[in-house]
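Written below as structure tokens is the structure these notes are about.
The values are calculated or read from the model by the stated rules, or taken from the named source; none is laboratory data. These numbers come from a predicted model, not from an experiment. Every residue, glycine as well, gets a Cβ built from its backbone with ideal geometry; the counts of neighbours run over all protein chains shown.
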Amino acid sequence: MSIFKNITTAAALMGMAVAGPALAQTFAITGGKVITNTAQGQIENGTVIMRDGKIVAVGTNIAIPDDSTRIDARGKWVTPGLFTPLAQVGLVEVGAESSTNDSSAGDSEFSVALDGVDGFNPKAEAVAITKIEGMTRMAVATGPGANIFSGTGFITDTSGRFNSITKGKAFVTVQMGERGARIAGGSRPAAWAYLRNALAEARTVRPGRAREGSLLNEADALALKPVTEGRMPLLVYANRASDLVNLVGLQKTQPRLDLVAVGAAEGWMVADMLAAAGIPVIVQPQDNLPGSFETLGATMYNAARLNKAGVTVAIAQIGESFNARLGAQQAGDAVANGMPWAAAFAAITSAPAEIFGLDDRLGTLANGMKADVVVWDGDPLELMSSPDYVFIDGKKQSLTSRQTKLRDRYIDLSHAKEKPFAYR
């Protein structure tokens with residue numbers, strides 16, 4: 001019996017060895033304007049070769065493997081897949097229907113311990129809608145609940161697969177500024193006191209040894225502990241310049257923290273301080289009107305000024321459940337208001353990857369990187385450009401969604417044999 005098992009196992013291993021190369025899929029994208037986000041810069045008439053989910057060659061005059069599926073990208077742009085640094089896509093299906101909305105839990109006794117992955121639906125319509133606009137990765141976060149902290153966020157791809165999570169428990173978000181003040185008891189001092197003391201509790205928490213009267217329950221404190229050790233970024237919603245100054249102060253007193261400012265509408269006022277502290281920002285460049293007292297200094301020059309000061313800038317349609325796909329438009333607006341094109345494009349690709357510690361795998365076109373690649377019919381930061389091909393982990397993606405199907409159904413009914421009921 002043991003001999004039979006050994007023979008069977010050996011045969012299976014030989015079969016796997018033979019099947020491996022046969023299952024390998026190679027794509028060669030040729031002739032395009034290649035945006036690498038590396039020292040190679042932009043490559044005219046460039047070639048990108050992908051195999052087994054990885055990029056294996058980028059450049060010119062590259063030998064094309066015989067088994068490649070070729071894609072002619074002449075007249076087109078070839079870029080890394082876009083990466084939105086903060087969204088709620090996949091947590092909400094219908095915003096007004098609570099049973100489909102897992103973006104927050106205001107009545108829960110938990111906050112940081114809420115794992116956003118548990119509410120993520122990769123089959124949500126907004127995921128496909130986001131993908132066909134060239135977004136291949138997303139940082140997804142829940143909103144705040146009973147206190148200023150939200151649940152633990154995660155990184156996912158937009159393939160729609162059930163195994164699409166790139167990095168679980170990737171970051172924590174916290175509300176400061178006006179909203180944080182309101183949640184914490186009515187003032188900014190209350191919010192900052194809550195944050196500092198919660199971090200102190202999480203730093204010393206031990207399983208089964210939670211103290212009575214603590215701000216955080218044991219589960220939340222344990223979930224926050226990696227933040228205090230610098231193993232997980234803390235994304236801090238803060239818009240007013242004085243709040244950002246406090247954030248810089250927190251970084252100085254607790255240097256192990258990996259802090260990221262979110263919103264930062266008045267960030268340009270303290271750009272040099274943010275740069276010196278090494279605090280990246282996630283901004284929405286179209287924020288140029290004072291929608292609140294904490295954004296009186298909002299300007300569409302914010303991203304350009306932050307970038308010029310040396311701040312790492314990521315760009316997003318912040319916190320969107322449905323329109324995260326507009327990140328490229330936000331980046332284009334930043335260019336229109338003084339941000340260099342390369343910096344704006346990096347802000348929706350390599351900068352988010354860097355913020356979340358994934359820059360060794362995502363955000364650039366280089367050998368060994370994940371093959372998230374998009375072929376565009378024009379400049380991706382131009383409003384009218386759109387993808388012709390989207391690859392995630394080297395797999396060609398469908399560019400259809402419920403919206404495109406509805407468009408195709410109703411675009412021309414003149415020859416329809418049986419018109420939809422409303423058109424009869």
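Below is a table of values for the structure above.
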quantity	calculated
Residue within region 120-137 that is in the same structural domain as Glu218 (by TED's automatic domain parsing) and within 20 Å of Tyr237 (Cβ to Cβ) present	no
So Ser398, is it part of a loop (DSSP other than H, G, I, E, B), under 22 Å from the mean Cα position of the chain (by Cα) and surrounded by 15 or more Cβ atoms within 10 Å (Cβ to Cβ)	no
Residue check, Asp388 charged (D, E, K, R), modelled with pLDDT of 95 or more and part of a loop (DSSP other than H, G, I, E, B)	no
Qualifying position, being under 21 Å from the mean Cα position of the chain (by Cα), farther than 27 Å from Gly116 by Cα and surrounded by 20 or more Cβ atoms within 10 Å (Cβ to Cβ), among Val270, Val311, Val281	Val311
Enumeration of residues in region 125-137 that are buried (at least 21 other Cβ atoms within 10 Å of the Cβ) and among the aliphatic types (A, V, I, L, M)	Ala126, Val127, Ala128, Met135
Residues within region 213-243 that are closer than 24 Å to Phe154 by Cβ, without any contact (Cβ under 8 Å) to a residue 24 or more places away in the chain and either among the hydroxyl-bearing types (Ser, Thr, Tyr) or not assigned by TED's automatic domain parsing to the domain that holds Gly153 (or both), tallied	0
Given (1) crowded, with 22+ Cβ neighbours inside 10 Å; (2) in contact with a strand residue (DSSP E or B) (Cβ under 9 Å, 6 or more places away or on another chain); (3) more than 19 Å from Ala141 (Cβ to Cβ), number of the condition Arg240 does not satisfy	(2)
Qualifying residue in region 291-307 (condition: free of Cβ contacts under 8 Å to residues at least 24 places away in the same chain and under 30 Å from Met384 (Cβ atoms))	yes
Elements of type helices (runs of 4 or more DSSP H) contained in region 93-206, each with 2 or more residues being out of contact with any strand residue (DSSP E or B) (no Cβ under 8 Å at 6 or more places or on another chain) and without any contact (Cβ under 8 Å) to a residue 24 or more places away in the chain	177-184, 188-204
Lone unmet requirement of (1) loosely packed, with under 15 Cβ neighbours inside 10 Å; (2) under 29 Å from Val172 (Cα atoms); (3) modelled with pLDDT under 90 for Ser99	(3)
Among the candidates Asn246, Asn197, residue that is over 29 Å from Glu354 (Cβ atoms) and in the same structural domain as Thr142 (by TED's automatic domain parsing)	Asn197
Matching residues, region 71-92, being surrounded by fewer than 15 Cβ atoms within 10 Å (Cβ to Cβ) and part of a strand (DSSP E or B)	Asp72
Hits in region 115-139 - residues which are among the hydrophobic types (A, V, I, L, M, F, W, C) and either more than 28 Å from Arg188 (Cβ to Cβ) or more than 15 Å from the chain's Cα centre (by Cα) (or both)	Val117, Phe120, Ala124, Ala126, Val127, Ala128, Ile129, Ile132, Met135, Met138
Filtered residue count, region 266-285, keeping only those that are under 17 Å from Gly180 (Cβ atoms) and among the acidic types (Asp, Glu)	1
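Conditions tested, residue by residue: (1) closer than 17 Å to Gly180 by Cβ; (2) touching a Gly at 6+ places or on another chain (Cβ under 6 Å); (3) not assigned by TED's automatic domain parsing to the domain that holds Lys131.
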residue: Gln254; (1), (2), (3): no, no, no
residue: Ala264; (1), (2), (3): yes, no, no
residue: Asp287; (1), (2), (3): no, no, no
residue: Leu306; (1), (2), (3): no, yes, no
residue: Ile318; (1), (2), (3): yes, no, no
residue: Ala336; (1), (2), (3): no, no, no
residue: Trp341; (1), (2), (3): no, no, no
residue: Ala346; (1), (2), (3): no, no, no
